[in-house]
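Readers should treat all values here as calculations from the given coordinates under stated rules, not as data from a laboratory. None of the values given here were measured: they were computed from a predicted structure. Please note: Cβ atoms are built from the backbone with ideal geometry, for glycine as well, and neighbour counts cover all protein chains shown.
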Amino acid sequence: MYLSTIIETVSAWAAQEPKIYALAIGLIGAAIISAVINIGAMAVVWLERKFLGDIQARFGPNRVGSRWGLLQLGADAIKLFTKEDSIPRGADKPVYVWAPIIASITTMLVAAAIPFGALRIDGKDYPLVVANMDISAFYVEAALSIMTIAVFMAGFSSNNKYSMLGAFRGIARMIAYEVPMGVCVIAVALMAHSLNLVEIVESQTLWYAFAQPLGFIVFTIALVTDLGRIPFDQSEAEEEIIAGYTTEYGGIRWGLLYFQEYINMLLGSILLVLLFLGGWNGPSIPVITVLSPMVWFLMKVLIVLIFLIWVRGSLVRFRIDQVTDLGWKWMLPLSLVNLAWAAFVGLYFA
């Protein structure tokens, strides 16, 4: 009751002062989103270390912060912040410096349009999203593609041939799979009759993972590849004892590029849940009715994250030619077949 009154009051104020309201919501939303995705990514790093330790029958982080190693990320951050900040001789300094910043900005642009669950108040779900855009699904795809620019900047500016090769391999992989990913998003939009991620979630009386099983499989494989996760981690080859396009980076700059991989992993898992697994849809849970959508949403995201970590701990890295062949010769045609199916079903049930 009190929450409904607060919402009505805020809505009335927004109607009277739309510009001030938009600015306030933007600043507050940016601060909250930054905190959420950074804390969430730290949790993902810890989860991967512990889960891979279990998969490989070895100890995960267990020294800093009790036997669970909960403070290990803090210790790593202190180490990276206090390392010497060096730039390779002959590097293109402005481009070298800006590459990690562009990567960080990209993740923030993506996070701004992604719903992070919802709250259920008086039987109605209120999505937690900063920018609820009509074309948020396409916006997210477009923003994710900016990451290729950061990858190229890092490899090109480092004055290292291995870094450049790693950047080229990474870009070839990302382009080969972002196309079928985009086609799968279009297929979902056809069934949902909307490009708004919130409306896509609300339209899933039947999860699109069941309505479009082929699209779900193609999107999942494309997502793993676009994230650069094993078995599609081709930034460095098996015989190269390097780190791909981040070879010449150290200290906090390397930490930013490394951390962006886990932020992208978190955002990619959320996007998969929103598009194919019903988002925050689920029955109300007694006692915590208001938080029911958040519980369902976080459970689904956690399952996807564990799946991604499980795949990394179970498979070996493919060659770059195998990855690009799979993307262009199999994933793209299959995504087009799924698009035709979605168009038929979407028009039939329109």
May I ask which residue of Val130, Ile33, Pro100 lies farthest towards the positive end of the charge dipole of segment 2-348, with charges of +1 (Lys, Arg) and -1 (Asp, Glu) on Cβ and the Cα centre as origin? Pro100
What angle, in degrees between 0 and 90 and rounded to the nearest 10, separates the Cα long axis of helix 18-55 from the longest principal axis of the Cα atoms of the chain? 60 degrees
Amide H of Leu119 versus every other amide H placed in the peptide plane: which residues, excluding those fewer than 5 positions away on the same chain, fall under 5 Å? Tyr126, Leu128
If the elastic network links every pair of Cα atoms under 10 Å, which of Tyr96, Tyr245, Tyr258 fluctuates the most in the Gaussian network model of the chain? Tyr258
The distance between the Cα centres of segment 244-261 and segment 285-308, in whole Å, is 31 Å
With θ taken as phi - 60° and the coefficients 6.51, -1.76 and 1.60, list the Karplus ³J(HN,Hα) couplings across segment 245-252 in order, rounded to whole Hz; mark glycine and proline as x. 5, 9, 4, 8, 9, x, x, 5
Size of the dipole of segment 2-348 about the Cα centre, Lys and Arg at +1 and Asp and Glu at -1 on the beta carbon, nothing else charged, in debye to 20? 720 debye
Most to least packed among 213-225, 61-73 [average Cβ atoms within 10 Å]: 213-225, 61-73
Roughly what angle does helix 2-16 make with the longest principal axis of the chain, taking Cα atoms, 0 to 90 degrees, to the nearest 10? 80 degrees
Phi-based couplings in Hz for segment 255-271 (Karplus 6.51, -1.76, 1.60; Gly and Pro marked x): x, 5, 5, 5, 5, 4, 4, 7, 5, 5, 4, 5, 5, x, 5, 4, 4
Given that compact globular proteins tend to follow 2.2 N^0.38 Å, what is the ratio of the alpha-carbon Rg of the chain to that value? 1.04
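Could you sort out which of Lys83/Lys161; Lys50/Lys79; Lys19/Lys124; Lys93/Lys161 sit more than 23 Å apart by Cα distance in this structure? Intermediate results must be reported in sequence, preceding the final value.
Numbers: Lys83/Lys161 25 Å; Lys50/Lys79 20 Å; Lys19/Lys124 27 Å; Lys93/Lys161 16 Å.
From the list (Lys83/Lys161; Lys50/Lys79; Lys19/Lys124; Lys93/Lys161), the Cα-Cα distance tops 23 Å for Lys83/Lys161; Lys19/Lys124.
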Magnitude of the charge dipole, segment 176-305, Cβ model with Lys/Arg +1 and Asp/Glu -1, debye to 20: 600 debye
What is the distance, in nm, between label points placed 7 Å from the Cα along the Cα-to-Cβ direction at Leu27 and at Ile242? 4.5 nm
What is the helix-to-structure angle for 136-145, meaning the angle in degrees between its Cα long axis and the longest Cα principal axis of the chain, kept from 0 to 90 and rounded to the nearest 10? 0 degrees
Ranked highest first by the average count of other Cβ atoms within 10 Å around their residues, in what order do 278-285, 114-121, 34-41 fall? 114-121, 278-285, 34-41
